[in-house]
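Following: one structure in structure tokens, then a few remarks.
The values are calculated or read from the model by the stated rules, or taken from the named source; none is laboratory data. Bear in mind the structure is a predicted one, so any value in this text is a computation, not a measurement. Glycine gets a Cβ as well: all are built from the backbone with ideal geometry, and neighbour counts include every protein chain shown.
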Amino acid sequence: MITDSITNPIIAYSKALYNVFPGFKPEEINFITSKITVTKLDTKKLFLMAGKVQENLVFVFKGLLRVFYINDKGEEITIAFAKENSHATDYSAFINQAPSKYHIETLESSLLVNVPFTLIQECYAKYKNFEKYGRLIAERHLIKRQNRIESFLFENAEQRYLNFISKNKDILNRISLTHLSSFLGIKRQTLTRIRKKIIVL
């Protein structure tokens, strides 16, 4: 029987719940983990298509995903990456169960923990601690979104790149320059120049 979080997605998700809210009781963790599922997706597979309602909150146990939209020029614009121990979700659309404006695609073969929206609502109704957890997750999402907005308002391209690599060294070599430049809001050629400048320095 597998019992460690390195090889067991359910155990890893349990630990992630505790990391956000240490006050969970074992019975609360057992309730949610007994009803979640695990999905394996190959590389370059769409987990979510724009226009569809995301029915499951997704916790990434293994792999890497990106969230993107297609602009009026037909260009793919990456707005987020989801790595291990994070969620791959259009959060605003998910909590409202509204059609998403974004696609979510695997960049690597991925093992995903699926938490149904209906199960989350059941947890909120049954346990007060899940309401506290949900508030903390919402606050984290709001801060993350605000930080991204302010990075475009107050930082130049080089600063955005340096901040990205300082926080995401573990995925820097796992994503393409095309996807990264799109995420940073710059041309690929600009990103190449920035990288060369930093190497020289």
Notebook entry, point to check: A80: touching a residue at least 24 places away in the same chain (Cβ under 8 Å) and either within 24 Å of P9 (Cβ to Cβ) or of a type outside the set (G, A, S) (or both), yes or no?
Noted result: yes
Checklist line | Lone qualifier among K62, K73 - being without any contact (Cβ under 8 Å) to a residue 24 or more places away in the chain and within 23 Å of F183 (Cα to Cα) | finding: K73
Check: Inside segment 6-35, can you point out the residues that are farther than 16 Å from E131 by Cα, part of a loop (DSSP other than H, G, I, E, B) and in contact (Cβ under 8 Å) with a residue 12 or more places away in the chain?
Finding: K35
Check: Is at least one residue of segment 180-195 at pLDDT below 95 and within 29 Å of G23 (Cα to Cα)?
Finding: no
Margin query: Please verify whether Y133 is farther than 21 Å from H179 by Cα, touching an Asp or Glu at 6+ places or on another chain (Cβ under 6 Å) and at pLDDT 95 or above, treating the condition exactly as stated.
Written below: no
Note to self: Among the numbered criteria (1) within 13 Å of the chain's Cα centre (by Cα); (2) farther than 20 Å from L172 by Cα; (3) of a type in the set (S, T, Y), which one does T37 miss?
What the structure shows: (1)
Check: Does segment 50-61 include one or more residues that are more than 30 Å from K128 (Cβ to Cβ), of a type outside the set (K, R) and within 20 Å of the chain's Cα centre (by Cα)?
Finding: yes
Checklist line | Residue that is farthest from L65 (Cα to Cα), among those in segment 112-135 that are out of contact with any helix residue (DSSP H, G or I) (no Cβ under 6 Å at 6 or more places or on another chain) and aliphatic (A, V, I, L, M) | finding: A125
